[in-house]
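Values in this text are rule-based calculations from the coordinates and carry no lab data. Keep in mind that this is a model prediction, so the values were computed, not measured. Note that each Cβ is placed from the backbone with ideal geometry, even for glycine, and that neighbours are counted across all protein chains shown.
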């Protein structure tokens with residue numbers, strides 16, 4: 001019997017379903033054994049070894065570097081000191097490495113812990129500059145004591161003299177500092193020190209190297225407006241008294257008040273007193289001007305003296321002397337003596353002038369004894385003889401110095417154009433002597449010429465009086481003398497022939 005294909009397919013599915021149902025019934029039946037699982041074969045897999053490693057990190061500026069060691073795994077090779085150093089070198093880290101820390105970490109097997117192993121060498125900041133003054137900012141008046149311990153409050157020593165070029169302050173410039181080195185071996189710029197605040201005062205200057213402040217002129221030094229200043233004039237805005245003390249100064253002195261009794265002023269140049277000088281001493285290398293008067297004082301100067309009035313004073317000047325009144329004064333001057341104005345009076349005392357005397361009145365109605373001396377031929381002749389003797393000596397010294405220079409020049413040629421150290425010093429000295437005596441000879445020749453002119457014109461000296469000459473006056477011009485026995489007005493005392501005469505102006 002033949003089966004079609006569809007029938008066979010249905011039969012196959014039915015048989016398969018039957019077998020599956022039967023199998024499930026057996027498995028679920030009570031007391032049935034579970035089905036056996038297929039055996040799985042076990043296989044042993046070996047893990048891969050991992051070597052120890054080092055991790056290096058650093059900041060961009062290169063100030064520090066940190067290191068982390070990683071532990072080897074599965075029997076991997078441990079990290080070594082040489083490997084760490086090689087890694088640092090590969091990163092370019094060459095400076096500031098703490099090799100001891102690296103060894104301790106490697107040998108101590110310190111893993112997974114960041115530790116700083118390299119540090120930059122920091123720069124050292126420069127030291128700040130400084131300024132050290134050689135003078136006190138505030139001068140405290142201190143009286144001088146004698147050997148018996150007695151204080152002299154006229155000598156307070158408050159004027160501090162200074163010469164041109166003297167050092168006022170020493171300046172220490174700031175240092176640039178020392179550069180550092182980062183961990184890559186590159187320089188780290190150091191911060192330089194700062195310059196001190198320096199103010200250069202009046203008549204002072206800083207040297208070219210910037211290390212000192214010096215005086216630009218001679219004078220006296222004082223502190224004010226935040227710096228030291230050099231003044232070429234000592235100015236006292238009040239009277240010169242116990243609050244100021246005596247003044248001894250190489251420059252000019254200006255007193256805007258009076259000079260009180262017992263004090264003194266000594267100046268290298270000029271003195272100007274706006275008030276009056278009372279029983280004091282004035283001495284100047286230049287001129288002296290006293291707007292008021294000089295009473296019972298000593299006045300001496302190398303130049304001219306101009307005093308409002310003079311009473312009982314001793315005056316000596318290298319130039320002319322002017323005053324409205326000379327009352328019982330002793331005066332000596334190399335220039336003219338002038339009692340200013342039509343009422344300018346010379347009364348009493350002794351007046352000596354190397355040149356003319358001009359006054360309004362000489363003597364007084366009481367016939368006060370008054371001595372007037374004009375010119376001194378003997379003094380001029382003596383000065384001329386001294387100058388001629390000095391000129392002869394100077395010429396001889398110049399000649400000798402010139403011979404020595406020429407001799408050394410000859411020796412230099414013979415010695416191959418060289419001189420010994422001793423000969424070089426001698427050449428320098430003789431050359432300086434030659435220049436000095438050459439200049440001195442010219443100065444002496446000019447002086448002798450001037451003295452000759454003075455001697456030639458000494459007979460022209462006279463005393464001119466626009467007002468009255470009273471009896472009691474005694475005149476002496478060169479070697480000639482005259483006693484006045486009667487009143488004379490608008491007259492001139494001069495040399496006529498071989499005698500002194502009073503003639504009308």
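Compute the length gained on full extension between residue 217 and residue 128: take 0.36 nm times their separation in residues and subtract their Cα-Cα distance, giving the result in nm to one decimal.
29.0 nm
Just rank 83, 444, fewest to most, by other beta-carbon atoms within 10 angstrom.
83, 444
If each residue's Cβ is checked for other Cβ atoms within 10 Å, how do 351, 68, 221 rank with the fewest at the top?
The fewest-first ordering by Cβ neighbours comes to 68, 221, 351.
State, as an integer percentage, the relative contact order of the range 53-119 based on alpha-carbon contacts under 8 Å between residues 6 or more apart.
Relative contact order of the range 53-119: 43 percent.
Is the shape of the chain best called rounded, prolate or oblate, per the rule: a/c under 1.5 gives rounded, else a/b larger than b/c gives prolate, else oblate, with a ≥ b ≥ c the square roots of the Cα gyration tensor eigenvalues?
Because a/c hits 1.5 or more and a/b exceeds b/c, the chain counts as prolate.
Taking the Cα atoms only, what angle lies between the long axis of helix 99-108 and the longest principal axis of the chain, rounded to 10 degrees?
The angle comes out at about 20 degrees.
Starting with the highest mean, order 271-282, 230-241 by the number of other Cβ atoms within 10 Å, averaged over the residues of each peptide.
Packing order, densest peptide first, comes out as 271-282, 230-241.
Of all DSSP beta bridges located in the chain, what percent are antiparallel, nearest 5?
Antiparallel bridges: around 40 percent, rounded to the nearest 5.
Relative to the first principal axis of the alpha-carbon coordinates of the chain, what is the inclination of helix 5-28, with its axis defined by its Cα atoms, in degrees from 0 to 90 and to the nearest 10?
So the inclination is approximately 80 degrees.
Got a sec? How would 489, 352 order by Cβ neighbour count within 10 Å, fewest to most?
489, 352
Run the helix sum for the chain: -39,500 (n - 2.57) per DSSP H stretch of 4+ residues, divided by residue count, reported at 222 nm to the nearest 500 deg cm²/dmol.
Calculated at 222 nm, the ellipticity per residue is -8000 deg cm²/dmol.
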